[in-house]
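Enquirer: One structure, as structure tokens, below. Some questions next.
Bear in mind these aren't lab numbers, they're just calculated from the coordinates by the rules spelled out. Predicted, not measured: the structure shown is a model, and the values here were computed from it. As a convention, Cβ positions derive from the backbone with ideal geometry for all residues, glycine included, and neighbour counts pool all protein chains shown.
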Amino acid sequence: MVNMGQNLHDPPNVSGMPAFYQEPSFHEIWINSDSLPKRNQFTDTMINTGYARNGFRVQFNCVTFAQTLPNPGNPNDLIDDALKIFFRNDLSAQSKQQIKTQILLTGQQWDYYWTNAWAAYVSNPTTANFNTVNTRLKSLFQYLFNLSEYQLA
């Protein structure tokens, strides 16, 4: 909260924190050249290492999250379902295709590359199979969380 300019129990005046819906910036007042990199750093940390305090760690578990989606073995459905949850506005078909090819398929052009990797993990959750899907999912979610469309959701 301090990094975002909201010191807990230390408001800027007796009225408290300024409302995000006031003119002239309305709800985008919290997006600026200082807060945007900090927001991206926060999501990157939550995906990669998490935050630890008093022996307790909070971290975004990409594989567990993907397992909650209806069809995580299909790369198109995985991206569409994740976008429905995290984004207010949909991405273009071209952007989705680029994300799928570069991140989930690691440059391959066939969807079965991801489908086979996911199926291998589900049927045999060894460390190697976990690392294969986890690495790609971490890259996917880190990329999505750093897009401007995510910040405007």
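Enquirer: Sort 9-16, 79-86, 92-99, 114-121 by the packing proxy (mean of other Cβ within 10 Å over each peptide's residues), most packed first.
Expert: Going by the mean number of other Cβ atoms within 10 Å, highest first, we get 114-121, 79-86, 92-99, 9-16.
Enquirer: Something else: Just want the answer: with Cβ charges of +1 for Lys and Arg and -1 for Asp and Glu, which residue in THR45, SER92, ASN76 is farthest toward the dipole's positive end in the chain?
Expert: The one lying farthest along the dipole's positive direction is THR45.
Enquirer: Next question, about the same structure. Given the C-alpha centroids of the stretch 100-153 and the stretch 54-98, what is the distance between them in whole angstrom?
Expert: Cα centroid of the stretch 100-153 versus Cα centroid of the stretch 54-98: 9 Å apart.
Enquirer: Whole-Hz ³J(HN,Hα) for each residue in the stretch 112-129, computed from phi via Karplus 6.51 cos²θ - 1.76 cosθ + 1.60 with θ = phi - 60°, x for glycine and proline: what do you get?
Expert: Once rounded to whole Hz, the list reads 5, 4, 6, 4, 5, 5, 5, 4, 5, 5, 5, 7, 8, x, 6, 4, 4, 5.
Enquirer: Further question: Only one of the values (1) 15.2, 49; (2) 14.6, 43; (3) 18.5, 59 was calculated from this structure for Rg and Dmax of the Cα atoms in Å; name its label.
Expert: (3)
Enquirer: Could you work out which residue, out of ARG39, ARG136, ARG57, moves most in a Gaussian network model of the chain, that is, has the largest mean-square fluctuation with Cα springs under 10 Å?
Expert: ARG57
Enquirer: Now for a different question. Please give the FRET efficiency for ASP77 paired with PHE56, using the beta carbon to beta carbon distance and R0 = 35 Å, rounded to the nearest 0.05.
Expert: Values: r = 34 Å, r/R0 = 0.96.
For R0 = 35 Å, the calculated efficiency reads 0.55.
Enquirer: Also, quick follow-up: From the backbone phi of the stretch 86-91, what are the Karplus-calculated ³J(HN,Hα) couplings (6.51 cos²θ - 1.76 cosθ + 1.60, θ = phi - 60°) in whole Hz, Gly and Pro given as x?
Expert: After applying 6.51 cos²θ - 1.76 cosθ + 1.60, I find 9, 10, 7, 9, 6, 8 Hz.
Enquirer: Moving to a separate point now. Give me the dipole magnitude in Debye, nearest 20, for the stretch 62-151 about the Cα centre, with unit charges on the beta carbon: positive for Lys and Arg, negative for Asp and Glu. If you can, show how the numbers build up before the last one.
Expert: Values: 6 positive and 6 negative charges, 35 e Å.
Dipole magnitude for the stretch 62-151 comes out near 160 debye.
Enquirer: Can you list the equivalent-ellipsoid semi-axes of the stretch 62-151, largest first and in whole Å, using the square root of 5 times each Cα gyration tensor eigenvalue? Don't skip to the end; give the middle numbers.
Expert: Values: eigenvalues 90, 38, 26 Å².
Calculated on Cα positions only, the semi-axes equal 21, 14, 11 Å.
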